[in-house]
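The values are calculated or read from the model by the stated rules, or taken from the named source; none is laboratory data. Everything quoted here is computed from the prediction, not taken from an experiment. For neighbour counting, all protein chains shown are included, and Cβ atoms are generated from backbone atoms with ideal geometry for every residue, glycine included.
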Amino acid sequence: MTRRDFLASSALAAMQRPIRTTLGFTPDAFAVLRPQRTALEFLQRVNSMGGGGGQATLPNPIEPAYLKQVREFAEKNQMYWELLVPLPQEDTSQFEASVKAAKEAGAQCIRSVCLSGRRYETFNSLEQWNDFVKLSHARIAKAVPIVEKHKLALGLENHKDWTAVEMPGLFTKYSSEYFGACIDFGNNMALLDDPMELIETLAPYVINTHIKDMAVEEYPDGFLLSEVALGQGIIDLKKAVSLLRAKRPSVRFSLDMLTRDPLKIPCLTDKYWVTFTDRHARYLAHALAMVRANKPKKPLPRVTGLEKEAAIQLEAGILAECMTYARDELGMR
(Lines give C-alpha, C1' and ligand atoms only; values in the text may rest on other atoms or scores of the structure.)
Protein backbone atom coordinates (compact mmCIF):
# COMPACT_ATOMS: atom_id res chain seq x y z
CA MET A 1 0.00 0.00 0.00
CA THR A 2 1.40 3.42 -0.94
CA ARG A 3 1.50 6.30 1.56
CA ARG A 4 -1.24 8.06 -0.41
CA ASP A 5 -3.48 4.97 -0.29
CA PHE A 6 -2.85 4.61 3.43
CA LEU A 7 -3.81 8.23 4.07
CA ALA A 8 -6.94 7.89 1.98
CA SER A 9 -8.09 4.73 3.75
CA SER A 10 -7.33 6.21 7.19
CA ALA A 11 -9.27 9.37 6.40
CA LEU A 12 -12.22 7.37 5.10
CA ALA A 13 -12.30 5.26 8.24
CA ALA A 14 -12.20 8.40 10.38
CA MET A 15 -15.14 9.89 8.50
CA GLN A 16 -17.15 6.66 8.79
CA ARG A 17 -16.59 6.41 12.56
CA PRO A 18 -16.71 10.01 13.87
CA ILE A 19 -14.47 10.90 16.79
CA ARG A 20 -16.56 12.76 19.36
CA THR A 21 -14.76 15.72 20.91
CA THR A 22 -15.50 19.22 22.15
CA LEU A 23 -12.69 20.50 19.92
CA GLY A 24 -14.07 22.95 17.36
CA PHE A 25 -12.83 24.09 13.96
CA THR A 26 -12.20 27.22 11.96
CA PRO A 27 -13.13 27.18 8.26
CA ASP A 28 -9.43 27.48 7.45
CA ALA A 29 -8.86 24.08 9.03
CA PHE A 30 -10.37 22.88 5.75
CA ALA A 31 -7.87 24.76 3.59
CA VAL A 32 -8.07 22.09 0.88
CA LEU A 33 -11.74 21.10 1.03
CA ARG A 34 -13.03 24.70 1.42
CA PRO A 35 -16.57 24.03 2.69
CA GLN A 36 -19.19 26.74 3.20
CA ARG A 37 -18.18 29.13 5.97
CA THR A 38 -21.71 30.17 6.97
CA ALA A 39 -22.81 29.15 10.45
CA LEU A 40 -25.51 26.54 9.88
CA GLU A 41 -23.75 24.80 7.01
CA PHE A 42 -20.40 24.82 8.76
CA LEU A 43 -21.79 23.52 12.05
CA GLN A 44 -23.55 20.73 10.18
CA ARG A 45 -20.26 19.66 8.62
CA VAL A 46 -18.39 19.81 11.92
CA ASN A 47 -21.14 17.88 13.69
CA SER A 48 -21.00 15.13 11.06
CA MET A 49 -17.29 14.73 11.85
CA GLY A 50 -17.82 14.62 15.61
CA GLY A 51 -16.52 18.12 16.42
CA GLY A 52 -17.85 20.40 19.13
CA GLY A 53 -18.43 23.64 17.23
CA GLY A 54 -16.41 26.34 15.60
CA GLN A 55 -16.11 29.78 14.11
CA ALA A 56 -18.25 30.80 11.14
CA THR A 57 -19.76 33.69 9.22
CA LEU A 58 -23.35 34.81 8.72
CA PRO A 59 -24.91 35.08 5.25
CA ASN A 60 -25.91 38.39 3.72
CA PRO A 61 -28.76 39.21 3.82
CA ILE A 62 -29.40 37.94 7.33
CA GLU A 63 -32.76 36.21 7.64
CA PRO A 64 -34.45 35.76 11.06
CA ALA A 65 -35.45 32.20 10.13
CA TYR A 66 -31.82 31.33 9.42
CA LEU A 67 -30.71 32.67 12.80
CA LYS A 68 -33.34 30.52 14.49
CA GLN A 69 -32.07 27.46 12.62
CA VAL A 70 -28.50 28.11 13.71
CA ARG A 71 -29.44 28.52 17.36
CA GLU A 72 -31.65 25.42 17.38
CA PHE A 73 -29.04 23.26 15.62
CA ALA A 74 -26.27 24.35 17.97
CA GLU A 75 -28.40 23.82 21.07
CA LYS A 76 -29.73 20.45 19.93
CA ASN A 77 -26.23 19.14 19.24
CA GLN A 78 -24.58 20.88 22.22
CA MET A 79 -22.24 22.82 19.96
CA TYR A 80 -20.70 26.25 20.36
CA TRP A 81 -20.19 28.78 17.61
CA GLU A 82 -18.33 32.08 17.33
CA LEU A 83 -18.88 34.78 14.73
CA LEU A 84 -16.22 35.54 12.12
CA VAL A 85 -16.63 39.16 11.01
CA PRO A 86 -14.33 41.98 9.79
CA LEU A 87 -13.79 45.01 12.01
CA PRO A 88 -15.99 47.96 11.02
CA GLN A 89 -14.89 50.61 8.56
CA GLU A 90 -16.35 54.15 8.55
CA ASP A 91 -19.87 52.77 8.28
CA THR A 92 -20.49 50.52 11.29
CA SER A 93 -24.00 49.42 10.34
CA GLN A 94 -23.05 46.06 8.79
CA PHE A 95 -20.78 45.20 11.69
CA GLU A 96 -23.47 46.01 14.25
CA ALA A 97 -26.11 44.09 12.29
CA SER A 98 -23.83 41.05 12.27
CA VAL A 99 -23.11 41.29 15.99
CA LYS A 100 -26.80 41.66 16.83
CA ALA A 101 -27.73 38.73 14.57
CA ALA A 102 -24.99 36.52 15.99
CA LYS A 103 -26.23 37.16 19.51
CA GLU A 104 -29.74 36.15 18.43
CA ALA A 105 -28.34 33.00 16.81
CA GLY A 106 -26.58 31.93 19.99
CA ALA A 107 -22.98 32.88 19.20
CA GLN A 108 -20.76 32.85 22.26
CA CYS A 109 -18.32 35.51 21.07
CA ILE A 110 -16.66 37.06 18.01
CA ARG A 111 -13.30 36.65 16.30
CA SER A 112 -11.83 39.35 14.08
CA VAL A 113 -8.46 40.54 12.78
CA CYS A 114 -6.76 43.80 11.86
CA LEU A 115 -4.67 42.39 9.00
CA SER A 116 -5.68 39.68 6.56
CA GLY A 117 -2.13 39.11 5.29
CA ARG A 118 1.30 38.90 6.91
CA ARG A 119 3.15 41.94 8.21
CA TYR A 120 6.50 41.14 6.61
CA GLU A 121 4.86 40.54 3.21
CA THR A 122 2.18 43.26 3.21
CA PHE A 123 4.17 46.35 4.11
CA ASN A 124 7.15 47.74 2.22
CA SER A 125 7.99 50.60 4.58
CA LEU A 126 7.66 51.71 8.18
CA GLU A 127 5.33 54.48 6.99
CA GLN A 128 2.90 51.92 5.56
CA TRP A 129 2.94 50.03 8.84
CA ASN A 130 2.29 53.20 10.84
CA ASP A 131 -0.70 54.01 8.61
CA PHE A 132 -2.03 50.53 9.27
CA VAL A 133 -1.64 51.04 13.02
CA LYS A 134 -3.68 54.25 12.89
CA LEU A 135 -6.39 52.63 10.81
CA SER A 136 -6.52 49.61 13.12
CA HIS A 137 -7.00 51.82 16.17
CA ALA A 138 -9.81 53.68 14.41
CA ARG A 139 -11.58 50.42 13.56
CA ILE A 140 -11.17 48.98 17.06
CA ALA A 141 -12.47 52.21 18.57
CA LYS A 142 -15.64 51.81 16.51
CA ALA A 143 -16.05 48.11 17.32
CA VAL A 144 -15.68 48.16 21.10
CA PRO A 145 -18.80 50.26 21.93
CA ILE A 146 -20.88 48.01 19.66
CA VAL A 147 -19.82 44.74 21.27
CA GLU A 148 -20.29 46.32 24.68
CA LYS A 149 -23.82 47.39 23.70
CA HIS A 150 -24.76 43.87 22.60
CA LYS A 151 -22.71 42.15 25.32
CA LEU A 152 -20.91 39.84 22.90
CA ALA A 153 -17.16 39.70 23.48
CA LEU A 154 -14.73 40.32 20.60
CA GLY A 155 -11.48 38.38 20.37
CA LEU A 156 -8.85 40.02 18.15
CA GLU A 157 -6.48 37.48 16.63
CA ASN A 158 -2.71 37.81 16.55
CA HIS A 159 -2.62 37.35 12.78
CA LYS A 160 1.07 37.74 11.95
CA ASP A 161 0.64 41.48 12.49
CA TRP A 162 1.09 42.54 16.13
CA THR A 163 4.04 41.23 18.15
CA ALA A 164 3.68 39.91 21.69
CA VAL A 165 5.12 43.22 22.91
CA GLU A 166 2.69 45.37 20.91
CA MET A 167 -0.59 43.51 21.29
CA PRO A 168 -1.32 43.92 25.03
CA GLY A 169 -1.34 47.69 24.51
CA LEU A 170 -4.43 47.33 22.35
CA PHE A 171 -6.35 45.68 25.16
CA THR A 172 -5.27 48.14 27.83
CA LYS A 173 -6.02 51.16 25.62
CA TYR A 174 -9.57 49.98 24.89
CA SER A 175 -10.09 48.44 28.32
CA SER A 176 -13.30 46.42 28.21
CA GLU A 177 -14.51 43.04 29.41
CA TYR A 178 -15.93 42.63 25.90
CA PHE A 179 -12.62 43.14 24.07
CA GLY A 180 -9.67 40.78 24.24
CA ALA A 181 -7.59 38.27 22.33
CA CYS A 182 -8.29 35.38 20.01
CA ILE A 183 -5.03 33.64 20.83
CA ASP A 184 -3.52 31.82 17.88
CA PHE A 185 -1.00 29.35 19.30
CA GLY A 186 1.44 29.46 16.37
CA ASN A 187 1.08 32.62 14.29
CA ASN A 188 3.58 34.76 16.15
CA MET A 189 6.40 32.36 15.51
CA ALA A 190 6.43 34.10 12.11
CA LEU A 191 7.29 37.33 13.98
CA LEU A 192 10.02 35.54 15.99
CA ASP A 193 8.00 35.41 19.21
CA ASP A 194 8.32 32.31 21.37
CA PRO A 195 4.91 30.59 21.15
CA MET A 196 4.55 29.89 24.87
CA GLU A 197 5.69 33.41 25.79
CA LEU A 198 3.04 34.76 23.43
CA ILE A 199 0.32 32.58 24.99
CA GLU A 200 1.36 33.55 28.50
CA THR A 201 1.44 37.24 27.58
CA LEU A 202 -2.04 37.25 26.03
CA ALA A 203 -3.66 34.80 28.46
CA PRO A 204 -5.08 37.54 30.73
CA TYR A 205 -7.02 38.89 27.74
CA VAL A 206 -8.22 35.60 26.21
CA ILE A 207 -11.69 35.49 24.67
CA ASN A 208 -11.29 32.63 22.19
CA THR A 209 -8.52 30.64 20.53
CA HIS A 210 -7.02 29.11 17.44
CA ILE A 211 -5.33 25.96 18.69
CA LYS A 212 -2.60 24.45 16.52
CA ASP A 213 0.79 22.80 16.73
CA MET A 214 3.81 23.90 14.71
CA ALA A 215 6.93 22.41 13.16
CA VAL A 216 9.95 24.27 11.77
CA GLU A 217 12.83 23.70 9.40
CA GLU A 218 15.72 25.87 8.20
CA TYR A 219 15.91 27.30 4.71
CA PRO A 220 18.46 29.78 3.27
CA ASP A 221 16.50 32.99 3.99
CA GLY A 222 15.31 31.97 7.45
CA PHE A 223 13.02 29.09 8.33
CA LEU A 224 9.94 27.21 7.19
CA LEU A 225 6.88 27.15 9.43
CA SER A 226 4.12 24.52 9.21
CA GLU A 227 0.99 23.58 11.08
CA VAL A 228 1.14 19.89 11.96
CA ALA A 229 -1.20 17.46 13.72
CA LEU A 230 -1.69 18.27 17.40
CA GLY A 231 1.01 16.68 19.54
CA GLN A 232 3.48 16.35 16.67
CA GLY A 233 5.00 19.84 16.87
CA ILE A 234 6.95 21.92 19.35
CA ILE A 235 4.20 23.75 21.27
CA ASP A 236 3.44 22.60 24.81
CA LEU A 237 -0.29 22.17 24.16
CA LYS A 238 -1.17 20.73 27.56
CA LYS A 239 0.43 23.66 29.35
CA ALA A 240 -1.18 26.19 27.01
CA VAL A 241 -4.67 24.71 27.30
CA SER A 242 -4.43 24.47 31.08
CA LEU A 243 -3.26 28.08 31.35
CA LEU A 244 -6.04 29.46 29.17
CA ARG A 245 -8.73 27.42 30.91
CA ALA A 246 -7.51 28.82 34.23
CA LYS A 247 -7.78 32.37 32.92
CA ARG A 248 -11.17 31.86 31.22
CA PRO A 249 -12.97 28.64 32.18
CA SER A 250 -15.53 29.08 29.38
CA VAL A 251 -12.90 29.39 26.64
CA ARG A 252 -13.33 27.17 23.58
CA PHE A 253 -10.59 25.75 21.41
CA SER A 254 -11.08 26.03 17.65
CA LEU A 255 -8.61 24.04 15.55
CA ASP A 256 -6.85 26.19 12.94
CA MET A 257 -4.66 23.46 11.41
CA LEU A 258 -4.10 24.41 7.75
CA THR A 259 -2.95 21.59 5.47
CA ARG A 260 -0.71 23.44 3.00
CA ASP A 261 2.89 23.92 1.95
CA PRO A 262 5.20 25.35 4.64
CA LEU A 263 5.27 29.13 5.01
CA LYS A 264 8.59 30.83 4.34
CA ILE A 265 9.67 33.13 7.17
CA PRO A 266 12.43 35.19 5.49
CA CYS A 267 13.91 36.63 8.68
CA LEU A 268 17.42 36.79 7.17
CA THR A 269 16.37 39.25 4.45
CA ASP A 270 16.28 43.06 4.65
CA LYS A 271 12.64 43.26 3.54
CA TYR A 272 11.48 41.28 6.55
CA TRP A 273 12.72 43.93 8.98
CA VAL A 274 11.38 47.19 7.48
CA THR A 275 8.44 47.50 9.92
CA PHE A 276 10.18 46.33 13.07
CA THR A 277 11.69 49.02 15.29
CA ASP A 278 11.88 47.03 18.53
CA ARG A 279 12.91 43.56 17.38
CA HIS A 280 16.51 43.27 18.49
CA ALA A 281 19.03 40.48 18.02
CA ARG A 282 17.66 38.39 20.90
CA TYR A 283 14.50 37.60 18.95
CA LEU A 284 16.36 36.43 15.86
CA ALA A 285 18.89 34.44 17.87
CA HIS A 286 16.19 32.78 19.95
CA ALA A 287 14.08 31.90 16.90
CA LEU A 288 16.95 30.40 14.92
CA ALA A 289 18.19 28.47 17.95
CA MET A 290 14.67 27.07 18.40
CA VAL A 291 14.54 26.04 14.74
CA ARG A 292 17.91 24.30 14.90
CA ALA A 293 17.00 22.50 18.12
CA ASN A 294 13.71 21.21 16.73
CA LYS A 295 14.42 19.56 13.42
CA PRO A 296 11.21 17.99 12.08
CA LYS A 297 10.72 14.31 12.92
CA LYS A 298 9.19 13.76 9.49
CA PRO A 299 8.77 15.83 6.32
CA LEU A 300 6.61 18.94 6.76
CA PRO A 301 3.14 18.61 5.19
CA ARG A 302 2.87 19.68 1.55
CA VAL A 303 0.02 19.67 -0.94
CA THR A 304 1.85 20.88 -4.04
CA GLY A 305 1.97 18.04 -6.53
CA LEU A 306 -0.94 16.13 -5.00
CA GLU A 307 -4.13 15.61 -6.94
CA LYS A 308 -7.12 17.32 -5.31
CA GLU A 309 -8.63 14.11 -3.96
CA ALA A 310 -5.33 13.01 -2.45
CA ALA A 311 -4.90 16.44 -0.81
CA ILE A 312 -8.43 16.22 0.63
CA GLN A 313 -7.65 12.79 2.06
CA LEU A 314 -4.38 14.04 3.52
CA GLU A 315 -6.23 16.91 5.19
CA ALA A 316 -8.96 14.64 6.54
CA GLY A 317 -6.39 12.29 8.03
CA ILE A 318 -4.52 15.10 9.79
CA LEU A 319 -7.76 16.57 11.18
CA ALA A 320 -8.73 13.14 12.51
CA GLU A 321 -5.35 12.89 14.26
CA CYS A 322 -5.95 16.31 15.82
CA MET A 323 -9.39 15.31 17.07
CA THR A 324 -8.06 12.12 18.63
CA TYR A 325 -5.24 13.97 20.38
CA ALA A 326 -7.59 16.69 21.66
CA ARG A 327 -9.98 14.08 23.07
CA ASP A 328 -7.42 11.74 24.58
CA GLU A 329 -4.59 14.08 25.61
CA LEU A 330 -6.20 17.49 26.16
CA GLY A 331 -9.40 16.33 27.85
CA MET A 332 -11.69 17.69 25.13
CA ARG A 333 -14.35 15.00 25.50
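Just one residue in the set 242, 254 is in contact with a Ser or Thr (Cβ under 6 Å, 6 or more places away or on another chain) and over 21 Å from residue 192 (Cα atoms); that residue is 254.
Looking only at residues of region 240-251 that are of a type outside the set (Gly, Ala, Ser) and over 18 Å from the mean Cα position of the chain (by Cα), we find that the one that is farthest from residue 321 (Cα to Cα) is 247.
As for region 274-297, it holds no residue that is crowded, with 17+ Cβ neighbours inside 10 Å, of a type in the set (Lys, Arg) and part of a helix (DSSP H, G or I).
On the stretch given as region 105-143, residues that are closer than 30 Å to residue 65 by Cβ and either among the hydrophobic types (A, V, I, L, M, F, W, C) or touching a residue at least 40 places away in the same chain (Cβ under 8 Å) (or both) total 10.
Of the residues that sit in region 93-114 and are part of a helix (DSSP H, G or I) and aliphatic (A, V, I, L, M), which one is nearest to residue 145 (Cα to Cα)? Steps first, answer last, please.
The first filter runs over region 93-114 and keeps only residues part of a helix (DSSP H, G or I), leaving 93-104.
With the extra rule that they be aliphatic (A, V, I, L, M), the set shrinks to 97, 99, 101-102.
Details: 97: 14, 99: 12, 101: 16, 102: 16 Å.
Checking each candidate, the answer is 99.
Residues of region 291-333 that are in contact with a Pro (Cβ under 9 Å, 6 or more places away or on another chain), aliphatic (A, V, I, L, M) and within 26 Å of residue 264 (Cβ to Cβ): 300, 314, 318. Inside region 98-133, residues that are under 14 Å from residue 156 (Cβ atoms) and charged (D, E, K, R) make up a count of 1. Scanning region 72-82 for residues that are within 30 Å of residue 132 (Cα to Cα) and at pLDDT 95 or above turns up at least one hit. Pairs are defined by a Cβ separation below 7 Å, a sequence spacing of at least 6 or placement on different chains, a first member in region 242-256 that is in contact (Cβ under 8 Å) with a residue 60 or more places away in the chain and of a type in the set (A, V, I, L, M, F, W, C), and a second member that is crowded, with 16+ Cβ neighbours inside 10 Å and assigned to a helix (DSSP H, G or I); the pairs so defined are 244/203; 253/241; 255/29; 255/322.
Within the option set 236, 221, being under 20 Å from residue 157 (Cα atoms), over 15 Å from the mean Cα position of the chain (by Cα) and acidic (Asp, Glu) holds for one residue only, 236.
Beta carbons closer than 8 Å, at least 6 apart along the sequence or on distinct chains, pair a first residue in region 24-46 that is assigned to a helix (DSSP H, G or I) with a second that is among the acidic types (Asp, Glu) for 28/256; 29/256; 30/315. Among all residues of region 191-202, there is at least one that is of a type in the set (Ser, Thr, Tyr), surrounded by 20 or more Cβ atoms within 10 Å (Cβ to Cβ) and in contact with a helix residue (DSSP H, G or I) (Cβ under 9 Å, 6 or more places away or on another chain). Scanning region 151-189 for residues that are surrounded by fewer than 24 Cβ atoms within 10 Å (Cβ to Cβ), closer than 19 Å to residue 133 by Cβ and among the aliphatic types (A, V, I, L, M) yields 164, 165, 167, 170.
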